[in-house]
1. Could you run through the stretch 70-106 and say how many residues are surrounded by 12 or more Cβ atoms within 10 Å (Cβ to Cβ), in a helix (DSSP H, G or I) and without any contact (Cβ under 8 Å) to a residue 24 or more places away in the chain?
2. From the residues in the stretch 152-172 that are of a type in the set (Lys, Arg) and farther than 16 Å from residue 215 by Cα, which one is surrounded by the most Cβ atoms within 10 Å (Cβ to Cβ)?
3. Select from the stretch 29-67 the residues that are modelled with pLDDT of 80 or more, outside any loop (DSSP other than H, G, I, E, B) and among the charged types (D, E, K, R) and write down the one among them that is farthest from residue 109 (Cα to Cα).
4. All but one of (1) crowded, with 19+ Cβ neighbours inside 10 Å; (2) hydrophobic (A, V, I, L, M, F, W, C); (3) in contact with a Leu (Cβ under 8 Å, 6 or more places away or on another chain) hold for residue 47; which doesn't?
5. Residue 149 fails exactly one of the following numbered conditions: (1) in the same structural domain as residue 30 (by TED's automatic domain parsing); (2) among the basic types (Lys, Arg); (3) touching a strand residue (DSSP E or B) at 6+ places or on another chain (Cβ under 6 Å). What is the number of that condition?
6. Taking residue 185 as the residue in question, decide whether it is among the polar types (S, T, N, Q), assigned by TED's automatic domain parsing to the domain that holds residue 250, within 25 Å of residue 101 (Cα to Cα) and surrounded by fewer than 16 Cβ atoms within 10 Å (Cβ to Cβ).
7. Among the residues of the stretch 130-151, what is the count of those that are touching a Lys or Arg at 6+ places or on another chain (Cβ under 9 Å) and either free of Cβ contacts under 8 Å to residues at least 40 places away in the same chain or crowded, with 18+ Cβ neighbours inside 10 Å (or both)?
8. May I ask you to say which residue of 83, 72, 87, 97 is in the same structural domain as residue 53 (by TED's automatic domain parsing), acidic (Asp, Glu) and modelled with pLDDT of 85 or more?
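The values are calculated or read from the model by the stated rules, or taken from the named source; none is laboratory data. What you see is a predicted model, and the numbers here were worked out from it, not measured in a lab. All Cβ positions, glycine included, derive from the backbone under ideal geometry; neighbour counts span all protein chains shown.
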Amino acid sequence: MNFFKDKTDKKPDVKMIRENILLFIKEQLGKLEGGEGKNIKGINLFISAKNEEKHLYESAVFYDNTDSFKHEVQRIGDDYAIELPQEWNMDITFVDELPSNVIPVPDIHAGLFIRTHKNILQKSATAYIRILNGEAEKDVYTIRSSDGKITIGREKKVQGEDGFFRVNTIAFPGDSSHESNKFISRQHAHIKFDNESGQFYLFADENGIPPRNKIKIRTLEADTPIKLYSTRIGYALKEGDQIMLGHSAILEFSYLNES
């Protein structure tokens, strides 16, 4: 495998795409734990190729058999003494736009996110979700780090495609006359607290990402909304963030109790 060939301006081909991705993965793995990968839970590869190039990227990452690409990454770990754990996941996802918190792969339309776990102390936090537009069961929800998965969706109790029921913590009644409620999925999003960073993270559910209902976040620092494209990578919520569900339902995240 020739990781170090000269770069050219020619259009990417399957071999070039694969080598760029694998080289980048090797470089990123080498930065963890002084070259060891013991704390790795999984690697998420996101690809935002144009339609006319998608087939090249699918071939490059063996999209029909991701175990083959995982084997290539495992070989890198073995060759460079990066101690990957016995069980780790390789996930490859095609998206319209790369998530904001991935590391872009140079020269191609791809980005990387490496999930890790560490032995950490339990942290605690309390925050508040305020409904600015739309009609939920409450105007303000108190969420705590000990709550586990905080689900958001239309209706309080909904049945998924697997037949099991889910109870939404933040529920928007389906019989409401408010127009915004109509565009919220029954299983739209959820919030979880991350002990390592001490932050609440917002995740899209399967029905909360395109082509179905969408999720956008507007921060106090920037006017351009951040689109949440991934069910695997969450967005770290910050003070004053506004979350748009569907077309117009707005939730505000805050650590301040204004009641």
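1. 4
2. Top of the filtered list is 166.
3. Filtering the stretch 29-67 for residues that are modelled with pLDDT of 80 or more, outside any loop (DSSP other than H, G, I, E, B) and among the charged types (D, E, K, R), the one farthest from residue 109 (Cα to Cα) comes out as 41.
4. (3)
5. (1)
6. No, not satisfied.
7. Here the count works out to 7.
8. Details: 83 fails: modelled with pLDDT of 85 or more; 87 fails: modelled with pLDDT of 85 or more; 97 fails: modelled with pLDDT of 85 or more.
When all the criteria are applied, what remains is 72.
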